[in-house]
Structure formats: structure tokens, C-alpha cells
Amino acid sequence: MAKEIERKFLVASGSWREDADGGTRFRQAYIVTMDDRSARVRLMDDQRAKLTIKIGSGAMTRDEFEYEIPVDDARDMMSKAIGLIIEKTRYKVHHHGFVWEVDVYAGAHEGLVVAEVELGAEGDTPALPNWLGAEVTGDPHYSNQYLSTSPLVSKADHELSYSPF
């Protein structure tokens, strides 16, 4: 059984871009969404697709099952999605032995920029980059599952202090 262990933060400045890769465009939608589980379909650069099932409501750790699926199947599932289709570009940033994923949202959530780091164990303590803002690990308002049913009200709600563009 696969485990997802991660910490999540708002992003306070754009200096992460100096070390970022070229990014991957994501479109993702939820087929099932419940308090402690979800099923999500994701398209990456319109070239690859994955189906992901997450179970659990822990702040840092959940069960995660992820499978490659045909792109056409993903598009068909997205047409049956619950709520909004999440649009974002994900950038990878290496920092002191950890890979940070910075998500720059578009569409209904434009202006939101979130960084997360996957950990090997809950006790891992990655060095925090200076471009991070407030930690939002465990805050359900920053889960993609929540965002799929809730458009961004305002940038101020997410304490952003810079424009990502």
C-alpha cells in the first residue's frame, strides 16, 4: 500500500523560479469526493493521464493509489467530474536534498501558489526555502479536492504577497 506523506505551504515570493524546471501543465478533476477519500483523474501536458485514489484524512499521511490510464479515458472521466476542473502548472524545485513541487493555479483559482514537499517519513525535517509563506498542511481549504468545489474568493484569502506572473 502506497503512502503519501507531505507538507504544504503558501508561497510568499517568486524567487523559487530561479531553480525551477520548465513545469508541467495539469488539468485534474474529481470523480468521487468524500470527507476521507477521493478519486481523481489528471491530464499532464495533454500527453499522459493518471487515475488517483486517496483514502484517509490525516494531516500529513494518506493512502494513495495511482495508475496510468489512456488519455481518452481521462478526458471522458473529466466530462463527468464533480465541480470545477483544476488548472495549474507544477514546477519542481530541488532544495537541500528534497524536491519541492510549486503549483501555480490558473482558471478559477488564478493567483493561488502553493508548494508541497513529499517526505519519506512524518519525522523528516526538510530545510524550508526562504520563498515559503504560511504552512497549510492539514488545512482542507488548500486541498485540490476542496478547491474543485470552491472557487477562489480573493488573493487576500490566501495571504499571497506577490504576483506569480
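The values are calculated or read from the model by the stated rules, or taken from the named source; none is laboratory data. Just so we're clear, the structure is a prediction, and the values are computed from it rather than from any experiment. We place every Cβ from the backbone using ideal geometry, glycine too, and count neighbours over all the protein chains shown. In case anyone asks, the SASA skips ligands and DNA or RNA and just uses the protein heavy atoms, side chains included. Shrake-Rupley method; radii C 1.70, N 1.55, O 1.52, S 1.80 Å.
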Residue pairs qualifying under the 9 Å Cβ cut-off, at least six apart or on distinct chains, with the first in region 90-111 being farther than 16 Å from residue 7 by Cβ and without any contact (Cβ under 8 Å) to a residue 60 or more places away in the chain and the second being hydroxyl-bearing (Ser, Thr, Tyr) and part of a strand (DSSP E or B), are 105/89; 106/89; 111/105
Answer from 10, 43 - the residue that is surrounded by 15 or more Cβ atoms within 10 Å (Cβ to Cβ) and without any contact (Cβ under 8 Å) to a residue 60 or more places away in the chain: 43
If residue 19 satisfies all but one of (1) within 20 Å of residue 85 (Cα to Cα); (2) touching a residue at least 40 places away in the same chain (Cβ under 8 Å); (3) open to solvent by 20 Å² or more (accessible area, probe 1.4 Å), what's the number of the condition it fails? (1)
Only one of these conditions is not met by residue 31: (1) within 17 Å of residue 92 (Cβ to Cβ); (2) assigned to a strand (DSSP E or B). Which number is it? (1)
Go through (1) in a helix (DSSP H, G or I); (2) open to solvent by less than 60 Å² (accessible area, probe 1.4 Å) for residue 76 and report which single condition fails. (2)
What single numbered condition from (1) surrounded by fewer than 17 Cβ atoms within 10 Å (Cβ to Cβ); (2) at pLDDT 95 or above fails to hold for residue 83? (2)
Return the residues of region 37-73 that are in a loop (DSSP other than H, G, I, E, B), over 17 Å from the mean Cα position of the chain (by Cα) and under 23 Å from residue 2 (Cα atoms); say none if nothing qualifies. 69, 70
Members of region 115-132 found to be at pLDDT 95 or above and within 16 Å of the chain's Cα centre (by Cα), listed by number: 115, 116, 117, 132
Taking region 99-138 and the residues there that are part of a strand (DSSP E or B) and open to solvent by 50 Å² or more (accessible area, probe 1.4 Å), the one that is nearest to residue 19 (Cα to Cα) would be 99
Those residues of region 86-106 which are farther than 16 Å from residue 120 by Cα, of a type in the set (A, V, I, L, M, F, W, C) and under 13 Å from the mean Cα position of the chain (by Cα) amount to 86, 102, 104, 106
